Amino acid sequence: MKRYIYIALGLIAVGLGALGVVVPGLPTTPFLLLASWLFYRSSPRLQQWLLQSWLGKYIRSYHRHGGMTKTQKAGAIGVMVVMIALSTFVFIPEGSVARIIVPIAGLVGVLTILFAVPNAKDE
């Protein structure tokens, strides 16, 4: 039973990680690392699938370098800030609750990259 719960949670984490590639403020790497761990515990076949998929490059890079380089962090934060600003001030109508939620979610994503994601060893 635990195996199936891990697989279900891993698939959800992969979905959130994939969504994080395009949604500002939603981090990609932490969700993919979680999915990898869950699949490692439940399904080696799914873990191999994840590592060989287009999302696997995030996990492989993280494992290879022990984190993100400062340049990668700066680039990720820069793209996030631009997308958050565009979303908030161009695409979301005035008076919408989303104009409050999107910048808060973006701030959480930026803080996650700054403080929760370790710096790479090989810089």
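Using the count of nearby Cβ atoms within 10 Å as a rough guide to exposure, how do PHE91, PHE31 rank from fewest to most?
Ascending number of Cβ neighbours within 10 Å: PHE91, PHE31.
For the chain, give the magnitude of the charge dipole about the Cα centre (Cβ charges: +1 Lys/Arg, -1 Asp/Glu; no others), in debye to the nearest 20.
Here the chain has a charge dipole of around 500 debye.
How would you classify region 1-43 from its alpha-carbon gyration tensor, with a ≥ b ≥ c the square roots of the eigenvalues: rounded for a/c under 1.5, else prolate if a/b is greater than b/c, otherwise oblate?
Verdict is prolate for region 1-43.
Put a dot 7 Å past each Cα toward the Cβ at SER61 and ARG45; how far apart are the dots in nm?
Going from the ARG45 label point to the SER61 one covers 3.0 nm.
Between THR69 and residues 5 or more places away or on another chain, which pairs have amide H atoms under 5 Å apart, with H built 1.01 Å from N, and which residues are they?
Residues meeting the criterion, in which the H sits 1.01 Å from N, are ALA120.
Mean separation of Cα pairs under 8 Å and 6+ residues apart, divided by the residue count of the chain: what relative contact order is that in percent?
29
If each residue of separation counts as 0.36 nm, what is the full-extension length gain between LYS70 and SER96 once their alpha-carbon separation is subtracted?
Contour length minus the Cα-Cα distance gives 5.9 nm.
Rg (Å, one decimal) plus Dmax (Å, integer) for the alpha carbons of region 2-116?
Gyration radius and largest Cα-Cα distance of region 2-116: 15.6, 48 Å.
Read-outs: derived from the displayed coordinates by stated rules, not from any lab. Owing to the predicted nature of the structure, the values given are computational and were not obtained by experimental measurement. Note that we place each Cβ from the backbone using ideal geometry, even for glycine, and neighbour counts take in every protein chain shown.
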